[in-house]
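Undergrad: Input: one structure, supplied below.
The values are calculated or read from the model by the stated rules, or taken from the named source; none is laboratory data. Computed from a prediction, not measured in an experiment: that's the story for all the values here. Positions of Cβ are generated from backbone atoms using ideal geometry, with glycine treated the same way; all protein chains shown enter the neighbour counts.
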Ligand code: AMP
Ligand code: GLY
């Protein structure tokens, strides 16, 4: 397992519970309690299956390097990972595959982008072309704020080189949902749909974050919508990639906006979402490892996912997140909830200090996941558990699951 976040912790935890022998590179403090961790480069390790968690190594071509050594890999190569690594590429593929998605234009020149904005109605959506850790998108109705954002991005001030190309797109309204497909190069199966809460504060206020909590499945995202997503979005994109010689094996995460005409594509990610992974993966525990292996082998044909019940995850973030998270705050209260079998605590930004105490060391510090027979039960359990976790400046939303 390559990676060091909450998503990787959830994957390691579930694979270990299914009886697989797992090693994480590099892993984190929480993961090291579940499976061994190593600082070695994954290219220097051997395994029956390599699962690559985060987008950065995928975009950099780790999967290609491993496949070149004849390793079995779950995760797309460099070309496929451009679906996330470049919004411009993603839009081009979506257009070629006739996937419903917002109209857009791409800019590198500041004045051209600004005049396009001025001739447009809001709300304005401005996206950094390259990777920006979930923070590259501004949605605003304020034209001045949109203009300032375009200047900051195109001048390189916001995201350096990764930010010097922007996409400006039309606003889509509707209900948002994250659909994660497991893809084996030609076929796909869908994980239970999840809803993620991206804003920092209750009521969807405050800045965009990587995600403050999630639940699954999403009740209103019924079988008909799942079928439309498969037929109008996932399958045509896999076909379009194949036409271009891209054999995509891994997760294709479609961020969707759903209105009366059905689902439209907002974004693709090329990995499990985080925190979505922290809830959908525990839900399919029992056959998750088999599905990863089959996808990596190009042989999903005979497999299905068997979800049970519902799950919710609430993320606790550090003081100052997302702009300037503080490290080093001591975390208390975890041992009291770790004994509860319906709760999992997944670490994202934790470390051990010189005294060996658990402290914060990143923006999103940890996620508390609970399963239950219903969404309400899962949420109730997650909130009861997280209430016992404490650190200076620790923050979590109280309204995960509300209004979605
Ligand atoms: P992205 O990183 O592309 O998913 O964008 C981050 C968030 O911005 C999404 O989860 C949506 O809530 C919002 N967003 C992005 N694009 C659009 C759009 N075209 N219309 C409405 N909201 C959008
Ligand atoms: N939670 C959104 C993401 O992983 O991109």
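Undergrad: Among the candidates 66, 83, single out the residue that is part of a helix (DSSP H, G or I), away from ligand 1 (no atom under 16 Å from the Cβ), at pLDDT 90 or above and touching a helix residue (DSSP H, G or I) at 6+ places or on another chain (Cβ under 8 Å). Step through it out loud before you land on a result.
TA: Details: 83 fails: away from ligand 1 (no atom under 16 Å from the Cβ).
It is 66.
Undergrad: Quick check on my filter: what residues within the stretch 30-45 are crowded, with 19+ Cβ neighbours inside 10 Å and either farther than 21 Å from residue 280 by Cα or out of contact with any helix residue (DSSP H, G or I) (no Cβ under 7 Å at 6 or more places or on another chain) (or both)?
TA: 37, 42
Undergrad: Does the stretch 239-253 contain any residue that is buried (at least 18 other Cβ atoms within 10 Å of the Cβ), more than 20 Å from residue 60 (Cβ to Cβ), within 19 Å of the chain's Cα centre (by Cα) and within 13 Å of ligand 1 (Cβ to nearest atom)? Steps first, answer last, please.
TA: So in the stretch 239-253, the residues buried (at least 18 other Cβ atoms within 10 Å of the Cβ) come out as 240-241, 246, 248-253.
Now narrow it down to the ones that are more than 20 Å from residue 60 (Cβ to Cβ): 240.
Among the residues that remain, those that are also within 19 Å of the chain's Cα centre (by Cα) are: none.
Checked against the condition, which is being buried (at least 18 other Cβ atoms within 10 Å of the Cβ), more than 20 Å from residue 60 (Cβ to Cβ), within 19 Å of the chain's Cα centre (by Cα) and within 13 Å of ligand 1 (Cβ to nearest atom), the stretch 239-253 yields no hits at all.
To keep it simple, each residue is scored yes or no on (1) without any contact (Cβ under 8 Å) to a residue 40 or more places away in the chain; (2) surrounded by fewer than 24 Cβ atoms within 10 Å (Cβ to Cβ); (3) touching a strand residue (DSSP E or B) at 6+ places or on another chain (Cβ under 7 Å).
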| residue | (1), (2), (3) |
| --- | --- |
| 261 | no, yes, no |
| 270 | no, no, yes |
| 289 | no, yes, no |
| 298 | no, yes, yes |
| 301 | no, yes, no |
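Undergrad: Now for a separate question. With the structure loaded, tell me whether residue 149 is within 16 Å of ligand 1 (Cβ to nearest atom) and within 30 Å of residue 295 (Cα to Cα) or whether it fails that test. Reasoning before the result, please.
TA: Working: within 16 Å of ligand 1 (Cβ to nearest atom): yes; within 30 Å of residue 295 (Cα to Cα): no.
So residue 149 fails the test.
Here is a yes/no grid of residues against (1) away from ligand 2 (no atom under 16 Å from the Cβ); (2) in contact with a helix residue (DSSP H, G or I) (Cβ under 7 Å, 6 or more places away or on another chain):
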residue: 226; (1), (2): yes, no
residue: 234; (1), (2): yes, no
residue: 238; (1), (2): yes, no
residue: 241; (1), (2): yes, yes
residue: 244; (1), (2): yes, no
residue: 247; (1), (2): yes, no
residue: 258; (1), (2): yes, yes
residue: 264; (1), (2): yes, no
residue: 273; (1), (2): no, no
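Undergrad: What's the total number of residues in the stretch 305-320 that are in contact with a strand residue (DSSP E or B) (Cβ under 7 Å, 6 or more places away or on another chain) and assigned to a loop (DSSP other than H, G, I, E, B)?
TA: Step one: list which residues in the stretch 305-320 are in contact with a strand residue (DSSP E or B) (Cβ under 7 Å, 6 or more places away or on another chain), which gives 305, 309-318.
Checking which are assigned to a loop (DSSP other than H, G, I, E, B) leaves us with 305, 309, 318.
Result for the stretch 305-320: 3.
Undergrad: Under 7 Å between Cβ atoms, at least 6 apart or on separate chains: pull out the pairs that start in the stretch 176-205 with a residue that is in contact (Cβ under 8 Å) with a residue 60 or more places away in the chain and end on any residue that is in a helix (DSSP H, G or I) and within 14 Å of ligand 1 (Cβ to nearest atom).
TA: Note: pairs meeting the criteria are 178/276; 180/276; 194/276; 196/276.
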